[in-house]
1. Find the Rg to Rh ratio for chain A, where Rh is the Kirkwood radius over alpha-carbon pairs and Rg uses the same atoms.
2. Given R₀ = 30 Å, what would the calculated FRET efficiency be for residue A:69 paired with residue A:44, taking r from the Cβ atoms and rounding to 0.05?
3. For the pair residue B:77/residue B:27, report the inter-label distance in nm, with labels modelled 7 Å from Cα in the Cβ direction.
4. Once you charge only the Cβ atoms, +1 for Lys and Arg and -1 for Asp and Glu, what is the size of the charge dipole of the protein assembly as shown about its Cα centre, to the nearest 20 debye?
5. Does the range B:30-99 classify as rounded, prolate or oblate by the C-alpha gyration tensor (a ≥ b ≥ c root eigenvalues; a/c under 1.5 gives rounded; else a/b over b/c gives prolate, otherwise oblate)?
6. Would you kindly state how much longer the chain becomes between residue B:17 and residue B:56 on full extension, computed as 0.36 nm times their sequence separation minus their alpha carbon distance, in nm to one decimal?
7. Please work out the Cα center distance from the range B:36-111 to the range A:1-56, rounded to the nearest Å.
8. How big is D, in µm² s⁻¹, for the protein assembly as shown by Stokes-Einstein at 10 °C and 1.306 mPa s if Rh is the Kirkwood radius over C-alpha pairs?
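Each value in this text was obtained by applying a stated rule to the coordinates, not by laboratory testing. Just so it is clear, the structure is predicted and the values come from calculations on it, not from any experiment. Cβ atoms come from the backbone with ideal geometry, glycine included; neighbour counts cover every protein chain shown.
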Amino acid sequence: DGGITQSPKYLFRKEGQNVTLSCEQNLNHDAMYWYRQDPGQGLRLIYYSQIVNDFQKGDIAEGYSVSREKKESFPLTVTSAQKNPTAFYLCASSIGTPGTEQYFGPGTRLTVT
Amino acid sequence: GQSLEQPSEVTAVEGAIVQINCTYQTSGFYGLSWYQQHDGGAPTFLSYNGLDGLEETGRFSSFLSRSDSYGYLLLQELQMKDSASYFCAVRDPGSWGKLQFGAGTQVVVTP
C-alpha cells in the first residue's frame, strides 16, 4: 500500500534536547512538507521541499531544520532553539502540480518538558 | 500575505445540511481546497475549486466565487462520522505546492 509513514506516534523529550521526526513516503511524490498544529488551530508550514536536495523555509521555520537527501524521506529536526516545541507535527507529500491534493501522514505528537 | 477566515464551530443534527464559509485575502489566487481532519488524525483531502462554481462529490459539495474571494463547503445528509474539523486552504502564488490553511471549523453532529 502506498502512503506516508511518520514515526513515532508519540515522542517525549526533555527541554534542551534536539529531536528528529521521521517522514517516509512511497507515493513517488516530488514535493514534501512539514506542518505544525497546535490545539484548536490550523496547520502552519514549517519547511517544504519541491525536489531532492532542495528545501525552503515555511512560515515558522525558526528552531527547525530539515534535509532531503532521498525522494522518499524528509526528516525534521526540532532543535533546542525552538521555544515552544510541544505540538502535533504532520508530514505531507504531493505531486506538486497546482490543485493536486496533499497526502498526510498520521502525525507525531511531540511533548517537551 | 494571505489570510483565510472560517467559523470556529458549527453544530447540527444528523440528517441536516451544514455550510462552512471561507473568505480569503490573497496576493494571487490559484484555487481553494478543503480538508477534513478527525480528532487526533491526519487531514484528508475533500475537494478543490480552481474555477468559479460548484463541485459535487457525493454528500459533499464545494463552491467558489473568485470575484467575492469566497467559497464554501456544503455537507449534506449529515452523519455522526462527519463530526470533524474542516479546513479551507489556498495555494501560495509564489510556490506551486505550498498551501495556506485556515484555522478550521469544528463540525459537531448531534443525534
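1. The Rg/Rh ratio comes out at 0.95.
2. According to the calculation, E is roughly 0.75.
3. 4.4
4. 720
5. It is oblate, given that a/c is not under 1.5 and a/b is not larger than b/c.
6. 12.6 nm
7. Their Cα centres are 22 Å away from one another.
8. In µm²/s, the coefficient rounds to 88.
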